[in-house]
Each structure stands twice: as structure tokens, then as C-alpha cells.
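Notes for the one structure printed next.
The values are calculated or read from the model by the stated rules, or taken from the named source; none is laboratory data. Since the model is a prediction, treat every value here as computed from it, not as a measurement. Counting neighbours? That spans all protein chains shown, and the Cβs are built from the backbone with ideal geometry, glycine included. These accessible areas exclude ligands, DNA and RNA; they are computed on the full protein's heavy atoms, side chains included. Shrake-Rupley method; radii C 1.70, N 1.55, O 1.52, S 1.80 Å.
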Amino acid sequence: MRPLVGADHIMPDRTPRVLIYAPLADDAKALAEEVEAVGLMPRCLSDDAELASAIGQDAPECMLFMVISQEGATVSAGRSLCEMHKSEPLWARLPVLFLVRNQQRLPPACQVLADCDAAPSFIYFGRPARRSMLRQTFRVLSESRHRQFRTRDVMESLRGEKEQNVFLLDELRHRVRNSLAVLQSLFKMTLRRSDSLDALDEDFGARLRSMSDAHSRLTNSYDQPTDLATILKEHVEPYTSGTGQLRLDGDPVRLREKVAFDLAMTIHELATNAAKYGALSTPSGQIAISWSKNKPSGNLDLTWRERGGPPVDPPNRQGLGSILIGNFLSGSADQPSIKFNKTGLVWRAQISSEDIL
């Protein structure tokens, strides 16, 4: 049999435990053996204070169900269970089993719970209880709790989808506002370089198709390239008005899909801002992007540097675009930095070695 787990024992993992509150040592030992017999892990509590600490501080995910003997079913235990339930998340309702001497006269904890509006559900068996009945009940309570865990997972998944939909809606609004300004800037620069209406139609049409392709890839993470140079070209070149406006310098690097998508969104935002206000808003402007391995950490240092554009000033307020650019984060790498120099914007970021293939 495994050693009983007390409050001063450091648990090696977060596997859900069956909490046993049976102040009589022999009762605790016997119940722990029955819990282990069905493949579950017990944690024995010695007094009311330890019970209150366990259910007050442990995360719901750490508790499978609870077994309380007659001797542990005190008024204090009942009040602790009521307080616990008030703070339980919506998906959680910790199952509680009492083992009582007299089913016609329940112990104080049961009476407290019966009078408590926010009480956890509980069942009770008379003692002595048959081993087969205890083990079957333990299995049922365990399955009930695991159904709650699955409900939690579904709720978290739905919450994540909702948050993603809200973000995508904000992103859509932001990009719609950007589109006209970017198109106007690109049209003016293309017009200056075109010798005829046919040339304007061909050049501007090609840029529109490139922009459309870049937007389409952003809406589908599965269509994202993971090669760094390709990501940079696909999301910057549609906003250039001539060859030589984009310069890349760095060895071939492939990224994991998640960080590749996040980086693509960030680069896309930098490019649209450069087309509206920065180096890509003038024919003489240039963007130089360089990257290299940081030897001590193994992370990739990435620098976006604009030159030849109009002077840039920090924005008066932080919109979605500024948040995207400033919050790009890869693993344990450092937060990015942004400098609004007189010669042009400079953005530096790191890509964690964990995100490099």
C-alpha cells in the first residue's frame, strides 16, 4: 500500500485525490486501502483545520471526491464544505460521501449541509458498509467527477472560441479601416511610376492580388508558410512600390506553425503601417529585416528597420495594431521593443529556440 498523504507531504503531481477525513487512524487506513483498490489515490486529513485548508486552498482539479467518517462529520467540517461550494466554479460540485453510525440521526456536518443554501451534494451510508458497495460507489463518484472535468474542458473550449471570435471581429474592423488608406497610398505610388493607363492597370492589379493573397493566408493558419524569409516576403512585398524596398538578411530558418502565424500577423501589421505612414509610403523608402541566432540563449534576434520615409512619431493611443506589434511573444523569449527614431521605426523581437525547427 502507498503511504498516506498528509498536509505536510509534498505531492509530486496534480492527479486528483480522494480526500479522506476519518480522524480514527484505523478508519483512515482502511478507507485508503479501499480507494487504492479501485485504482484511485487517497489523501488522508487528520483534523478540521487540515480539512478546511485542503478544500480551501486546493484547486478543484486536485479533488476527486470526499469520504468523511462519523467522527469527522463535525459542525466545523460542514461549514468548511459550505464555504468551499461558494467558491467552486460553475462546472464543479464536489461529491461527498458520509459513513454514519445511525442513518436516522445524521451527524452535525450533514445537518449543517442540509440547512445550507449553497451546499455540495452528499450521500451517506450506514456503517459498517460492505467493501463491494464502497468500491462500486467510489467508481461511480469518480466517474461523476470526471464528467465534471469534461464539462470544464468543453466550457473552456467554448470560452476560447468566443474570445477568438471577438478578437477576429476586432481584427476585421481594424483591417477594413486600414484597407482604404493602404490602397490609396499604393495607388498614388503606382501612378507615379506608371507610363500609361495599361501599365497602371497591370501594376496596380498585381499589387491588389498580392494584398488579397496575404489577407487570405492570415485568415487560414493551415495555409501559413513556416519559412521565415517566405513569411516576410509574402506579407511585406505586396505593400512595396518597387524593387529594392525590401531587404532581407539572415540564414534560412523554419518556425513552428503557431509562432509562424503570430509572426505573420505582426509583420502584416508593420507592413500596413509602413505603407500608410512609414518607409513604404514613399518610393525612396526602404525596409531592412535581419535575423541571427543569439549564441547564449539560442533564440533568434529579429530586427525590422525602416529608412527613407517621413519622420514617425509614437501613436497617441494604442489601437489593435499597436497591441499586436507590441505583444508578439515566442515562448520564453523577451518582449519586443519599438523605437520611433527620426530616421524611421525600428522593431526588435526574439523568437524562442523552442519555436525554431
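The phi torsions of segment 66-72, fed into the Karplus equation with coefficients 6.51, -1.76 and 1.60 and a -60° offset, translate into couplings of 10, 10, 10, 7, 3, 5, x Hz, rounded to whole numbers, with Gly and Pro shown as x. Between SER322 and THR243, the C-beta separation translates, for a Förster distance of 22 Å, into a calculated FRET efficiency of about 0.15. Couplings 3J(HN,Hα) of segment 233-239, computed from phi: 5, 5, 9, 10, 4, x, 9 Hz, in residue order, whole Hz [Karplus 6.51 cos²θ - 1.76 cosθ + 1.60, θ = phi - 60°; x for Gly and Pro]. Distant-in-sequence amide contacts of GLY344, defined by a placed amide H-H separation under 5 Å and a gap of 5 or more residues or a different chain, comprise VAL312.
Applying 0.36 nm per residue to the separation of ARG130 and LYS276 and subtracting their alpha-carbon distance, the gain on full extension is 44.8 nm.
Cut-off 13 Å, label point 7 angstrom out along Cα-to-Cβ of LEU24: give me the residues of segment 123-145 whose amide nitrogen falls inside. Under 13 Å, as judged by backbone N against the label point of LEU24, lie 127-129 of segment 123-145.
When nucleic acids and ligands are ignored and a 1.4 Å probe is applied, LYS293 ends up with an accessible area of around 120 Å².
TYR239 exposes around 0 Å² of accessible area when a 1.4 Å probe is run over every protein chain in place. Solvent-accessible area of segment 86-143 (1.4 angstrom probe, protein heavy atoms only): carbon and sulfur portion equals 48 percent.
Straight Cα distances below 29 angstrom link LYS295 to the lysines LYS233, LYS258, LYS339, with same-chain residues fewer than 8 positions distant left out. Amide H to amide H, with H built 1.01 Å from N, THR282 comes under 5 Å of no residue 5 or more places away or on another chain. Computed from the Cβ-Cβ distance with R0 of 41 Å, the FRET efficiency linking SER157 to LYS293 stands at 0.65. Rounded to the nearest 0.05, what FRET efficiency is calculated for GLU143 and GLU83 with R0 set to 22 Å and r the Cβ-Cβ distance? Plugging the Cβ-Cβ distance into 1/(1 + (r/R0)^6) gives 0.25. Across segment 129-159, the residues whose backbone nitrogen lies under 11 Å from the label position 7 Å along the beta-carbon direction of TRP91 are 146-159.
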